[in-house]
Amino acid sequence: MKNILSARLTALSPSETFAMAQKSNELKALGIDVINMSVGEPDFTTPDHIKEAAKKAVDDNYSFYSPVAGFPDLREAICDKLSRENSLKYTPAQIVVSGGAKQSLCNVILSIIDKGEEVIIPTPCWVSYPEMVKLAEGTTLFVYAGIGQNYKLTPRQLEEAITPATKALLLCSPSNPTGSVYTEPELAAIVRVLEKHPQVYVIADEIYEHINYIGQHVSIAQFDAIRDRVIVVNGVSKGYAMTGWRIGWIAAPQQIASACSLLQGQYTSGASSVSQRAALAAYSGDQRCVSEMRTAFERRRNLIVKQLGEIPGLKVNIPMGAFYILPDCSCYLGRSYGGKRVQTAADLSMYILEEAHVACVGGDAFGAPGCLRLSYAISDANITEAIARIKRTLEKLA
Ligand code: PMP
Ligand code: GLU
């Protein structure tokens, strides 16, 4: 059949995280007991007071379009959150609410990146960043920050990567897929480099802000020297267990916020009205649910670090946030079992899915060859069972 798809679409790769989750669901539908550590989303249900606000919104007829950038009281509540938790002052006009942080990121990239402009992406990185840059016809400049440097970009690496064509740095902290968190001194050192390059903007993906095991989250927007060049991306998906509600937002310099609103006004309109009322309850209600979930994730982090550490040959990082771990499994590559040779981390993840019935994602999709990404947003019992299965399965490789 004739290919009718645009070059833009043909160049796009599917989301590997969703692809593995789909495979895991297919096996589950066949009655196989699969433990799913592929897609990253909290296993908790949305807190009751948030659900109640959504139910009320339905009864109160929040069935109409919202303003394109979001309801004014939600944008006000986001400004209050930024002031209360991050000591950042924004006006509601600088906030744009969208259908998830994914759309927020895509809005920003499409709004500021022109053909050929460079976006520096430290790797390992989340699978969608390079694809979004591709959509904008920008150029991606990957900078590899391996496990030996805790998967964090150094100021020197950044300095060496910046060229006159660099338009933005995409920084994710706490990070998916590594769980690394940049400390205040580390961010300060990155800011010192950026101060020398006034053309470079920072897209700060802080969607995992609340799942942080080192204490108070530090936003790169808190550094006055570059604040007018920082776009903060955040949302309710992870911290409030609201992935399916699809609410994300940006806090940005006015010109960029207005551009994102313009784009969204022609593309999707405002985010779901009912979900926005739920997000308002999340930001203005009791915050105890956030710390309770974080405590559970931290306990699971400790469990998985210990159990993976007992598997011979793995190099295990200690995540400081989010709910991912990215062990280096390269010592198992090149080995075989049952006539099948495991060459890449993607092969290894397929082998583990088929033999151990545990779904995880090969690091290749994240620019982390030789690694596996495991999401530990599952019960403690399932973590223990999954890692025991992985251990037994890796032992069979010869
Ligand atoms: N950024 C990162 C690093 C993520 O892992 C995710 C998870 N999908 C997103 C953004 C998008 O979040 P949302 O579900 O709010 O679109
Ligand atoms: N961010 C999650 C993950 O990385 C959800 C899936 C996605 O949006 O790609 O697994």
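Please report, to two decimal places, log10 I(q)/I(0) for the range 42-120 at q = 0.16, 0.20, 0.22, 0.27 Å⁻¹ as given by the Debye formula with identical point scatterers on the Cα atoms and no solvent.
With one equal scatterer per Cα and no solvent, log10 I(q)/I(0) is -0.87, -1.16, -1.23, -1.25.
If I take R0 = 41 Å and measure r between the Cβ atoms of residue 63 and residue 216 in this structure, what FRET efficiency does the formula 1/(1 + (r/R0)^6) give, to the nearest 0.05? Present the calculation step by step, with values, prior to reporting the outcome.
On the way: r = 39 Å, r/R0 = 0.96.
Efficiency computed from Cβ-Cβ geometry: 0.55.
Would you report the distance distribution of C-alpha pairs in the range 93-132 as whole percents per 10 angstrom bin, up to the bin with the largest distance?
Computed distribution, short to long bins: 23, 53, 23, 1.
Please give the net charge around residue 225, taking every other residue with its beta carbon less than 12 angstrom from that of residue 225, where Lys and Arg add +1 and Asp and Glu add -1. The partial results should precede the final answer.
Values: positive: 192, 196, 227, 229; negative: 195, 224, 228.
Neighbour charge sum, excluding residue 225 itself: +1.
Add +1 for every Lys or Arg and -1 for every Asp or Glu among the other residues with Cβ under 10 Å from the Cβ of residue 396, and state the total.
Numbers: positive: 335, 392; negative: 355, 395.
Taking every Cβ under 10 Å from that of residue 396, the sum is 0.
Once both labels are modelled 7 Å past Cα along the beta-carbon direction, what's the residue 288-residue 341 spacing in nm?
5.9 nm
Simple spin-label model, 7 Å along Cα-to-Cβ: residue 32 to residue 93 in nm?
A separation of 5.6 nm, rounded to one decimal place.
Label residue 303 and residue 7 with points 7 Å out from Cα along Cα→Cβ: what is the distance between them in nm?
The two pseudo-label positions are separated by 5.1 nm.
Charges only on Cβ, +1 for Lys and Arg, -1 for Asp and Glu: so what's the dipole of the chain about the Cα centre, in debye to the nearest 20? Write down the numbers at each step before the final one.
Working: 39 positive and 40 negative charges, 108 e Å.
I would put it at about 520 debye.
For the charge dipole of the range 251-390, defined by +1 on Lys and Arg C-beta atoms and -1 on Asp and Glu C-beta atoms about the Cα centroid, which residue among 259, 271, 343 has the Cα displaced farthest towards the positive pole?
Result: 259.
Which cross-chain or sequence-distant (5 or more) residues have an amide H under 5 Å from the amide H of residue 201, H modelled 1.01 Å from N in plane?
It is 168, 169, by chain and number.
What share of Cα pairs, in percent, lie more than 27 angstrom apart in the range 139-287? Write down the numbers at each step before the final one.
Working: 3049 of 11026 pairs.
The calculated P(r) of the range 139-287 puts 28 percent of pairs beyond 27 Å.
Please list 3J(HN,Hα) in residue order for the range 70-82, calculated via the Karplus relation 6.51 cos²θ - 1.76 cosθ + 1.60 where θ = phi - 60°; whole Hz, with x for glycine and proline.
Using θ = phi - 60°, the values come out as x, 4, x, 6, 5, 5, 5, 5, 5, 4, 4, 4, 5 Hz.
Run the numbers on the range 227-335 and let me know its relative contact order in percent, using alpha-carbon pairs under 8 Å that are six or more apart. Mind showing how you got there, number by number?
Working: 81 pairs, mean separation 18.2, N = 109.
Worked out over the range 227-335, it gives 17 percent.
Give the residues of the range 192-229 whose amide nitrogen is closer than 12 Å to a point set 7 Å from the Cα of residue 183 in the direction of its Cβ.
Residues passing the 12 Å test: 214-215.
How much of the DSSP bridge set in the chain is antiparallel, in percent, rounded to the nearest 5? Numbers along the way, then the final one.
Details: 18 of 38 bridges.
Around 45 percent antiparallel, to the nearest 5.
What percent do you get for the relative contact order of the chain when only Cα pairs under 8 Å and 6+ apart count?
On the way: 768 pairs, mean separation 89.3, N = 398.
The normalised contact order for the chain reaches 22 percent.
Under the 0.36 nm per residue contour assumption, what length would be gained going from the current alpha-carbon distance of residue 44 and residue 73 to full extension? Provide the component values of the computation, followed by the final result.
On the way: separation 29, 0.36 × 29 = 10.44 nm, distance 2.67 nm.
Using 0.36 nm per residue and subtracting the Cα-Cα distance, I get 7.8 nm.
Sorted by average packing, counted as other Cβ atoms within 10 angstrom per residue and highest first, what order do 87-93, 130-136 take? Intermediate results must be reported in sequence, preceding the final value.
Numbers: 87-93: 15.0, 130-136: 19.4.
Highest-to-lowest ranking by the protection proxy: 130-136, 87-93.
Give me the base-10 log of I(q)/I(0) for the chain at each q in 0.08, 0.15 Å⁻¹, Debye formula, one uniform scatterer per Cα, rounded to two decimals.
Log-scaled intensity ratios, in q order: -0.42, -1.45.
Taking K and R as +1 and D and E as -1, what net charge do the other residues with C-beta under 13 Å from the C-beta of residue 356 add up to? Before the final figure, lay out each step's value.
Numbers: positive: 389, 391, 392, 396; negative: 33, 354, 355, 385, 395.
Every neighbour counted, the sum reads -1.
Please give the Cα centre distance for the range 10-61 versus the range 113-151, rounded to the nearest Å.
Here the answer is 26 Å between Cα centres.
Read-outs: derived from the displayed coordinates by stated rules, not from any lab. What you see is a predicted model; the values in this text were computed from it and never measured. In this analysis, Cβ positions are derived from the backbone assuming ideal geometry, glycine residues included, and neighbour counts consider all displayed protein chains.
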